[in-house]
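Presented below is the structure to which this report refers.
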Amino acid sequence: MEILGRGDTIRMQAAVASAERPLRVGVVGVGVMGSNHARVFAGLPGTELVGVADPDRNQADFVARTLGCVAVSDVNELLERDVEAITIAAPTHLHRDIALACIARGVHVMVEKPIASSVEEGREIINVARRAGVTLMVGHVERFNPAVEAIKEAIRGEDILSIAITRVGPFPPRMSNVGVVIDLAVHDIDLIRWFTDSDIIDVQPQLSSAVAEREDIALLQFRTASGVLAHINTNWLTPFKARNVTVATRGKYVMGDLLTRQVTECFGFQPDGSYSMRHLSVGHAEPLRSELLAFLRAVRSGAAPAVTGEEAVASLEIATRCLATRPTVVTPAQRKGPRAVVG
Ligand SMILES: NC(=O)c1ccc[n+]([C@@H]2O[C@H](COP(=O)([O-])OP(=O)(O)OC[C@H]3O[C@@H](n4cnc5c(N)ncnc54)[C@H](O)[C@@H]3O)[C@@H](O)[C@H]2O)c1
(Lines give C-alpha, C1' and ligand atoms only; values in the text may rest on other atoms or scores of the structure.)
Protein backbone atom coordinates (compact mmCIF):
# COMPACT_ATOMS: atom_id res chain seq x y z
CA MET A 1 0.00 0.00 0.00
CA GLU A 2 1.28 3.44 -0.90
CA ILE A 3 1.52 5.83 2.05
CA LEU A 4 1.02 9.48 1.24
CA GLY A 5 3.21 12.07 2.90
CA ARG A 6 1.92 15.39 4.23
CA GLY A 7 2.93 17.23 1.02
CA ASP A 8 0.99 14.74 -1.10
CA THR A 9 -2.10 15.20 1.06
CA ILE A 10 -1.93 18.99 0.72
CA ARG A 11 -1.45 18.68 -3.05
CA MET A 12 -4.47 16.34 -3.26
CA GLN A 13 -6.59 18.75 -1.18
CA ALA A 14 -5.55 21.63 -3.45
CA ALA A 15 -6.46 19.62 -6.53
CA VAL A 16 -9.88 18.75 -5.12
CA ALA A 17 -10.48 22.36 -4.04
CA SER A 18 -9.56 23.74 -7.46
CA ALA A 19 -11.73 21.10 -9.13
CA GLU A 20 -14.67 22.20 -6.97
CA ARG A 21 -14.18 25.95 -7.27
CA PRO A 22 -15.79 27.27 -10.46
CA LEU A 23 -13.31 28.58 -12.99
CA ARG A 24 -14.04 32.23 -13.86
CA VAL A 25 -14.30 32.53 -17.65
CA GLY A 26 -15.16 35.24 -20.19
CA VAL A 27 -15.64 35.69 -23.92
CA VAL A 28 -14.20 38.50 -26.04
CA GLY A 29 -16.22 39.13 -29.19
CA VAL A 30 -19.76 37.76 -29.01
CA GLY A 31 -20.83 37.70 -32.65
CA VAL A 32 -21.79 34.44 -34.35
CA MET A 33 -19.05 32.26 -32.85
CA GLY A 34 -18.42 34.03 -29.55
CA SER A 35 -22.07 34.02 -28.50
CA ASN A 36 -21.97 30.23 -28.86
CA HIS A 37 -18.84 30.02 -26.71
CA ALA A 38 -20.63 32.12 -24.09
CA ARG A 39 -23.76 29.92 -24.26
CA VAL A 40 -21.72 26.74 -23.82
CA PHE A 41 -19.54 28.18 -21.01
CA ALA A 42 -22.70 29.30 -19.17
CA GLY A 43 -23.94 25.72 -19.13
CA LEU A 44 -20.72 23.92 -18.20
CA PRO A 45 -20.34 22.50 -14.72
CA GLY A 46 -17.44 23.93 -12.71
CA THR A 47 -17.42 27.13 -14.76
CA GLU A 48 -18.70 30.61 -14.02
CA LEU A 49 -19.29 32.86 -17.04
CA VAL A 50 -18.22 36.18 -15.55
CA GLY A 51 -18.82 38.38 -18.57
CA VAL A 52 -18.63 39.08 -22.28
CA ALA A 53 -16.77 41.91 -24.01
CA ASP A 54 -17.79 43.44 -27.33
CA PRO A 55 -17.68 47.04 -28.61
CA ASP A 56 -21.10 46.37 -30.12
CA ARG A 57 -22.90 47.11 -26.84
CA ASN A 58 -26.31 46.03 -28.10
CA GLN A 59 -24.92 42.61 -28.90
CA ALA A 60 -22.90 42.37 -25.67
CA ASP A 61 -25.93 43.43 -23.57
CA PHE A 62 -28.18 40.97 -25.37
CA VAL A 63 -25.83 38.03 -24.79
CA ALA A 64 -25.14 39.05 -21.18
CA ARG A 65 -28.85 39.46 -20.40
CA THR A 66 -29.67 36.09 -21.95
CA LEU A 67 -26.92 34.26 -20.08
CA GLY A 68 -26.94 36.20 -16.80
CA CYS A 69 -23.44 37.70 -16.86
CA VAL A 70 -21.83 41.12 -17.15
CA ALA A 71 -21.44 43.00 -20.47
CA VAL A 72 -18.39 45.20 -21.05
CA SER A 73 -16.98 46.96 -24.10
CA ASP A 74 -13.46 45.63 -24.27
CA VAL A 75 -11.07 42.96 -23.10
CA ASN A 76 -9.38 45.15 -20.46
CA GLU A 77 -12.65 45.74 -18.63
CA LEU A 78 -13.20 41.97 -18.60
CA LEU A 79 -9.66 41.35 -17.31
CA GLU A 80 -10.42 43.75 -14.41
CA ARG A 81 -12.99 41.22 -13.23
CA ASP A 82 -10.48 38.50 -12.34
CA VAL A 83 -11.31 36.10 -15.12
CA GLU A 84 -8.98 33.11 -15.29
CA ALA A 85 -9.69 31.85 -18.83
CA ILE A 86 -10.98 33.63 -21.93
CA THR A 87 -12.24 32.71 -25.38
CA ILE A 88 -11.20 35.15 -28.10
CA ALA A 89 -13.81 35.20 -30.88
CA ALA A 90 -13.26 38.73 -32.14
CA PRO A 91 -12.34 39.18 -35.83
CA THR A 92 -9.11 37.37 -36.71
CA HIS A 93 -7.01 40.52 -37.24
CA LEU A 94 -7.54 41.34 -33.53
CA HIS A 95 -6.57 37.92 -32.12
CA ARG A 96 -2.93 38.82 -31.51
CA ASP A 97 -3.48 42.03 -29.55
CA ILE A 98 -6.31 40.59 -27.48
CA ALA A 99 -4.40 37.37 -26.78
CA LEU A 100 -1.31 39.30 -25.65
CA ALA A 101 -3.44 41.46 -23.33
CA CYS A 102 -4.94 38.31 -21.73
CA ILE A 103 -1.64 36.47 -21.44
CA ALA A 104 0.01 39.52 -19.84
CA ARG A 105 -2.51 39.12 -17.00
CA GLY A 106 -1.80 35.37 -16.68
CA VAL A 107 -5.17 34.46 -18.22
CA HIS A 108 -5.52 31.16 -20.13
CA VAL A 109 -6.56 31.64 -23.76
CA MET A 110 -8.82 29.75 -26.11
CA VAL A 111 -8.50 31.57 -29.44
CA GLU A 112 -10.79 30.91 -32.39
CA LYS A 113 -9.30 29.65 -35.63
CA PRO A 114 -7.31 30.83 -37.47
CA ILE A 115 -4.96 31.56 -34.57
CA ALA A 116 -4.01 34.95 -36.07
CA SER A 117 -3.79 36.95 -39.29
CA SER A 118 -0.26 35.77 -40.02
CA VAL A 119 2.15 32.99 -39.10
CA GLU A 120 4.41 35.57 -37.41
CA GLU A 121 1.58 36.83 -35.18
CA GLY A 122 0.61 33.24 -34.38
CA ARG A 123 4.18 32.42 -33.32
CA GLU A 124 4.28 35.55 -31.18
CA ILE A 125 1.16 34.43 -29.30
CA ILE A 126 2.69 30.97 -28.77
CA ASN A 127 5.99 32.34 -27.45
CA VAL A 128 4.37 34.82 -25.10
CA ALA A 129 1.96 32.16 -23.77
CA ARG A 130 4.82 29.71 -23.21
CA ARG A 131 6.88 32.27 -21.31
CA ALA A 132 3.87 33.18 -19.16
CA GLY A 133 3.03 29.52 -18.50
CA VAL A 134 -0.61 29.89 -19.54
CA THR A 135 -2.66 27.41 -21.56
CA LEU A 136 -3.15 28.35 -25.22
CA MET A 137 -5.63 26.32 -27.26
CA VAL A 138 -6.97 27.06 -30.75
CA GLY A 139 -10.57 26.53 -31.86
CA HIS A 140 -10.21 23.95 -34.60
CA VAL A 141 -13.65 22.73 -33.55
CA GLU A 142 -14.05 20.25 -36.39
CA ARG A 143 -11.70 17.87 -34.58
CA PHE A 144 -14.44 17.52 -31.95
CA ASN A 145 -17.16 16.73 -34.50
CA PRO A 146 -18.23 13.17 -33.55
CA ALA A 147 -18.20 12.20 -37.26
CA VAL A 148 -14.57 13.32 -37.51
CA GLU A 149 -13.75 11.42 -34.32
CA ALA A 150 -15.38 8.29 -35.84
CA ILE A 151 -13.32 8.67 -39.03
CA LYS A 152 -10.14 9.13 -37.02
CA GLU A 153 -10.95 5.98 -35.06
CA ALA A 154 -11.82 4.00 -38.25
CA ILE A 155 -8.44 4.78 -39.86
CA ARG A 156 -6.37 4.20 -36.71
CA GLY A 157 -3.47 1.88 -37.60
CA GLU A 158 -4.47 1.84 -41.31
CA ASP A 159 -2.08 2.63 -44.14
CA ILE A 160 -3.69 5.88 -45.37
CA LEU A 161 -3.35 6.51 -49.11
CA SER A 162 -5.50 9.54 -49.87
CA ILE A 163 -7.96 12.00 -48.32
CA ALA A 164 -10.54 14.13 -50.11
CA ILE A 165 -12.52 16.83 -48.32
CA THR A 166 -15.35 18.95 -49.69
CA ARG A 167 -16.41 22.04 -47.73
CA VAL A 168 -18.71 24.23 -49.80
CA GLY A 169 -21.61 26.59 -49.18
CA PRO A 170 -23.07 30.01 -49.88
CA PHE A 171 -21.32 33.31 -49.17
CA PRO A 172 -21.26 34.10 -45.44
CA PRO A 173 -23.83 36.78 -44.51
CA ARG A 174 -21.04 39.10 -43.31
CA MET A 175 -17.89 39.04 -45.42
CA SER A 176 -14.71 39.24 -43.39
CA ASN A 177 -11.41 40.32 -44.87
CA VAL A 178 -10.27 36.78 -45.68
CA GLY A 179 -11.07 34.40 -48.53
CA VAL A 180 -12.16 30.73 -48.49
CA VAL A 181 -8.66 29.37 -47.88
CA ILE A 182 -8.16 31.08 -44.52
CA ASP A 183 -11.84 30.95 -43.56
CA LEU A 184 -12.76 27.38 -44.59
CA ALA A 185 -9.83 25.35 -45.93
CA VAL A 186 -7.81 25.92 -42.76
CA HIS A 187 -10.26 23.54 -40.99
CA ASP A 188 -9.45 20.80 -43.49
CA ILE A 189 -5.72 21.46 -43.59
CA ASP A 190 -5.84 20.85 -39.83
CA LEU A 191 -7.89 17.66 -40.36
CA ILE A 192 -5.45 16.33 -42.98
CA ARG A 193 -2.52 16.91 -40.61
CA TRP A 194 -4.47 15.34 -37.74
CA PHE A 195 -5.76 12.29 -39.67
CA THR A 196 -2.28 11.53 -41.01
CA ASP A 197 -0.24 12.59 -37.94
CA SER A 198 2.08 14.07 -40.52
CA ASP A 199 3.13 17.45 -41.90
CA ILE A 200 2.10 18.70 -45.32
CA ILE A 201 5.25 19.10 -47.41
CA ASP A 202 3.91 19.74 -50.91
CA VAL A 203 1.18 22.24 -51.84
CA GLN A 204 -0.50 22.62 -55.24
CA PRO A 205 -3.24 25.26 -55.05
CA GLN A 206 -5.68 26.42 -57.70
CA LEU A 207 -7.59 29.55 -56.68
CA SER A 208 -10.20 31.59 -58.40
CA SER A 209 -12.26 34.64 -57.48
CA ALA A 210 -15.54 34.43 -59.34
CA VAL A 211 -17.56 36.95 -57.32
CA ALA A 212 -15.55 38.20 -54.32
CA GLU A 213 -12.38 40.27 -54.33
CA ARG A 214 -10.49 37.48 -52.59
CA GLU A 215 -10.50 33.82 -53.61
CA ASP A 216 -13.95 32.28 -53.34
CA ILE A 217 -13.13 28.95 -55.02
CA ALA A 218 -10.14 26.79 -54.11
CA LEU A 219 -9.02 23.36 -55.20
CA LEU A 220 -6.00 22.47 -53.08
CA GLN A 221 -3.80 19.42 -53.44
CA PHE A 222 -1.24 18.30 -50.90
CA ARG A 223 1.28 15.58 -50.16
CA THR A 224 2.20 14.79 -46.56
CA ALA A 225 5.63 13.76 -45.30
CA SER A 226 4.14 10.29 -44.77
CA GLY A 227 3.24 10.11 -48.50
CA VAL A 228 -0.53 10.68 -48.26
CA LEU A 229 -2.16 12.58 -51.14
CA ALA A 230 -4.92 14.96 -50.05
CA HIS A 231 -7.36 17.22 -51.76
CA ILE A 232 -9.65 20.03 -50.56
CA ASN A 233 -12.52 21.35 -52.64
CA THR A 234 -13.94 24.49 -51.08
CA ASN A 235 -16.01 27.45 -52.24
CA TRP A 236 -18.64 30.03 -51.32
CA LEU A 237 -20.61 29.55 -54.50
CA THR A 238 -22.69 26.51 -53.64
CA PRO A 239 -26.33 27.22 -52.64
CA PHE A 240 -26.25 24.69 -49.77
CA LYS A 241 -23.66 23.65 -47.20
CA ALA A 242 -21.82 20.36 -47.72
CA ARG A 243 -18.98 18.93 -45.64
CA ASN A 244 -17.76 15.52 -46.77
CA VAL A 245 -14.63 13.56 -46.02
CA THR A 246 -13.42 10.39 -47.72
CA VAL A 247 -10.30 8.51 -46.70
CA ALA A 248 -8.83 5.69 -48.77
CA THR A 249 -6.52 3.32 -46.92
CA ARG A 250 -4.99 0.11 -48.21
CA GLY A 251 -7.71 -1.89 -46.46
CA LYS A 252 -10.69 0.50 -46.17
CA TYR A 253 -12.62 3.29 -47.82
CA VAL A 254 -14.21 5.55 -45.21
CA MET A 255 -16.89 8.12 -46.11
CA GLY A 256 -18.15 10.71 -43.65
CA ASP A 257 -20.78 13.42 -43.88
CA LEU A 258 -19.80 15.94 -41.21
CA LEU A 259 -23.25 17.60 -41.24
CA THR A 260 -25.52 14.54 -41.03
CA ARG A 261 -22.78 12.75 -39.04
CA GLN A 262 -23.16 9.56 -41.03
CA VAL A 263 -19.92 7.63 -41.37
CA THR A 264 -19.65 4.49 -43.49
CA GLU A 265 -16.71 2.21 -44.19
CA CYS A 266 -16.12 -0.27 -47.00
CA PHE A 267 -13.68 -3.05 -46.17
CA GLY A 268 -12.82 -6.68 -46.90
CA PHE A 269 -12.02 -6.02 -50.58
CA GLN A 270 -12.03 -9.30 -52.52
CA PRO A 271 -10.28 -10.17 -55.81
CA ASP A 272 -13.71 -10.53 -57.45
CA GLY A 273 -14.49 -6.86 -56.63
CA SER A 274 -16.89 -7.58 -53.77
CA TYR A 275 -16.53 -5.92 -50.37
CA SER A 276 -18.39 -5.36 -47.11
CA MET A 277 -19.90 -2.11 -45.90
CA ARG A 278 -21.05 -0.89 -42.49
CA HIS A 279 -22.28 2.30 -40.85
CA LEU A 280 -20.14 3.29 -37.89
CA SER A 281 -21.55 4.44 -34.61
CA VAL A 282 -21.17 8.19 -34.17
CA GLY A 283 -21.69 10.18 -30.97
CA HIS A 284 -24.08 13.09 -30.47
CA ALA A 285 -22.00 15.53 -28.42
CA GLU A 286 -21.95 19.20 -29.42
CA PRO A 287 -18.46 19.79 -30.87
CA LEU A 288 -18.07 23.21 -29.23
CA ARG A 289 -18.96 21.78 -25.82
CA SER A 290 -16.38 19.00 -26.24
CA GLU A 291 -13.81 21.57 -27.36
CA LEU A 292 -14.37 23.85 -24.36
CA LEU A 293 -14.33 20.90 -21.97
CA ALA A 294 -10.96 19.91 -23.46
CA PHE A 295 -9.73 23.48 -22.97
CA LEU A 296 -10.84 23.54 -19.33
CA ARG A 297 -9.22 20.14 -18.69
CA ALA A 298 -5.94 21.51 -20.06
CA VAL A 299 -6.26 24.65 -17.91
CA ARG A 300 -6.92 22.61 -14.76
CA SER A 301 -4.29 19.94 -15.39
CA GLY A 302 -1.61 22.09 -16.99
CA ALA A 303 -1.26 19.38 -19.67
CA ALA A 304 -0.90 20.25 -23.37
CA PRO A 305 -4.29 21.22 -24.87
CA ALA A 306 -6.01 19.13 -27.56
CA VAL A 307 -5.18 21.68 -30.27
CA THR A 308 -1.91 23.49 -29.61
CA GLY A 309 -0.81 26.86 -30.92
CA GLU A 310 2.00 25.10 -32.81
CA GLU A 311 -0.48 22.88 -34.67
CA ALA A 312 -2.65 25.89 -35.52
CA VAL A 313 0.32 27.84 -36.84
CA ALA A 314 1.41 24.85 -38.94
CA SER A 315 -2.05 24.78 -40.56
CA LEU A 316 -2.06 28.56 -41.04
CA GLU A 317 1.37 28.31 -42.64
CA ILE A 318 0.08 25.79 -45.21
CA ALA A 319 -2.99 27.98 -45.90
CA THR A 320 -0.68 30.95 -46.39
CA ARG A 321 1.47 28.96 -48.82
CA CYS A 322 -1.68 28.20 -50.82
CA LEU A 323 -2.32 31.93 -51.03
CA ALA A 324 1.08 32.60 -52.54
CA THR A 325 -0.65 31.74 -55.83
CA ARG A 326 -2.73 34.70 -56.99
CA PRO A 327 -6.35 33.74 -57.67
CA THR A 328 -7.39 33.79 -61.29
CA VAL A 329 -10.19 36.31 -61.75
CA VAL A 330 -12.68 34.72 -64.08
CA THR A 331 -15.31 36.97 -65.62
CA PRO A 332 -18.40 35.62 -67.38
CA ALA A 333 -17.04 36.98 -70.68
CA GLN A 334 -13.78 35.07 -70.20
CA ARG A 335 -15.72 31.91 -69.44
CA LYS A 336 -17.51 32.25 -72.78
CA GLY A 337 -14.28 33.13 -74.65
CA PRO A 338 -12.81 29.73 -75.60
CA ARG A 339 -16.21 28.35 -76.56
CA ALA A 340 -16.79 31.32 -78.86
CA VAL A 341 -13.46 30.59 -80.57
CA VAL A 342 -14.23 26.87 -80.92
CA GLY A 343 -17.80 27.50 -82.07
N1 LIG B 1 -14.34 27.48 -35.46
C2 LIG B 1 -15.22 27.81 -36.38
O3 LIG B 1 -15.87 26.95 -37.00
C4 LIG B 1 -15.48 29.26 -36.65
C5 LIG B 1 -16.65 29.65 -37.30
C6 LIG B 1 -16.88 31.00 -37.51
C7 LIG B 1 -15.93 31.93 -37.10
N8 LIG B 1 -14.79 31.51 -36.49
C9 LIG B 1 -13.77 32.49 -36.07
O10 LIG B 1 -14.32 33.25 -35.00
C11 LIG B 1 -13.88 34.59 -35.07
C12 LIG B 1 -15.11 35.51 -35.12
O13 LIG B 1 -15.88 35.18 -36.25
P14 LIG B 1 -17.47 35.43 -36.27
O15 LIG B 1 -17.97 34.76 -37.50
O16 LIG B 1 -18.08 35.08 -34.96
O17 LIG B 1 -17.48 37.01 -36.49
P18 LIG B 1 -18.63 38.05 -36.08
O19 LIG B 1 -18.39 39.24 -36.94
O20 LIG B 1 -19.96 37.41 -36.09
O21 LIG B 1 -18.26 38.39 -34.55
C22 LIG B 1 -17.15 39.12 -34.16
C23 LIG B 1 -17.54 39.98 -32.97
O24 LIG B 1 -16.35 40.59 -32.46
C25 LIG B 1 -16.70 41.90 -32.06
N26 LIG B 1 -15.51 42.74 -31.96
C27 LIG B 1 -14.98 43.58 -32.89
N28 LIG B 1 -13.90 44.21 -32.37
C29 LIG B 1 -13.74 43.73 -31.10
C30 LIG B 1 -12.84 44.00 -30.06
N31 LIG B 1 -11.82 44.88 -30.22
N32 LIG B 1 -12.99 43.37 -28.88
C33 LIG B 1 -13.99 42.49 -28.72
N34 LIG B 1 -14.90 42.19 -29.66
C35 LIG B 1 -14.77 42.80 -30.85
C36 LIG B 1 -17.70 42.37 -33.11
O37 LIG B 1 -18.46 43.47 -32.65
C38 LIG B 1 -18.52 41.10 -33.30
O39 LIG B 1 -19.63 41.06 -32.43
C40 LIG B 1 -12.98 34.68 -36.32
O41 LIG B 1 -11.66 34.53 -35.94
C42 LIG B 1 -13.43 33.49 -37.15
O43 LIG B 1 -12.39 32.99 -37.99
C44 LIG B 1 -14.56 30.22 -36.25
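The values are calculated or read from the model by the stated rules, or taken from the named source; none is laboratory data. The model shown is predicted, which means the values in this text are computed figures rather than measured ones. Reconstructed Cβ throughout: ideal geometry from the backbone, glycine too, with neighbour counts over all protein chains shown. Just the protein is used for accessible areas: all its heavy atoms, side chains included, with ligands, DNA and RNA removed. Shrake-Rupley method; radii C 1.70, N 1.55, O 1.52, S 1.80 Å.
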Choice from Ala312, Ala212, Ala116 showing the highest fluctuation, given a GNM over the chain with Cα pairs closer than 10 Å: Ala212
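For His37, His93, write out the residues from largest to smallest accessible area, computed with a 1.4 angstrom probe and no ligands counted. Could you put the intermediate results ahead of the total?
Details: His37 0, His93 100 Å².
Of His37, His93, the descending order of accessible area is His93, His37.
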Cα pair distances of the chain binned at 10 Å [whole percent]: 5, 22, 29, 24, 13, 5, 1, 0, 0
Ser274 versus Gln204: modelled label distance in nm, points set 7 Å from Cα along the beta carbon direction: 3.7
Cα pair distances of region 189-228 binned at 10 Å [whole percent]: 30, 39, 24, 7
In region 177-248, the chymotrypsin sites (Phe, Trp or Tyr not before Pro) that fall in loop regions by DSSP, at most 16 other Cβ within 10 Å: Phe240
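How long is the gain from Glu124 to Phe267 if the chain were fully straight, where each residue apart is worth 0.36 nm and the alpha carbon distance is subtracted? Don't jump to the answer; show the numbers that get you there.
Details: separation 143, 0.36 × 143 = 51.48 nm, distance 4.51 nm.
In short, 47.0 nm is gained.
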Between 0 and 90°, nearest 10: helix 119-132 axis offset from the chain longest Cα axis: 20
For region 119-194, the spread of Cα positions along each principal axis, largest first, Å: 39, 36, 21
With Cα atoms, 0 to 90° folded angle of helix 57-67 axis to the chain main axis: 70
Electrostatic dipole magnitude of the chain [Cβ: Lys, Arg +1; Asp, Glu -1; Cα centre; debye, to 20]: 480
Listed residues Asn233, Ala116, Pro91: farthest to the positive end of the dipole of the chain (Cβ charges): Asn233
Whole-percent carbon and sulfur share, accessible surface of the chain, 1.4 Å: 53
Spatial extent of region 22-75: Rg and Dmax, with the Cα atoms as the point set, Å: 9.7, 29
CD proxy at 222 nm, helix term only [per DSSP H run n ≥ 4: -39500 (n - 2.57); per residue of the chain; nearest 500]: -11500 deg cm²/dmol
Scattering curve values for region 57-143, log₁₀ I(q)/I(0), Debye with Cα scatterers, q = 0.17 Å⁻¹: -0.71
Degrees separating the helix 309-322 axis from the principal Cα axis of the chain, which is the longest one: 30
Integer Hz, Karplus 6.51/-1.76/1.60 couplings in order for region 232-242, x for Gly and Pro: 10, 10, 9, 6, 10, 10, 9, x, 10, 7, 9
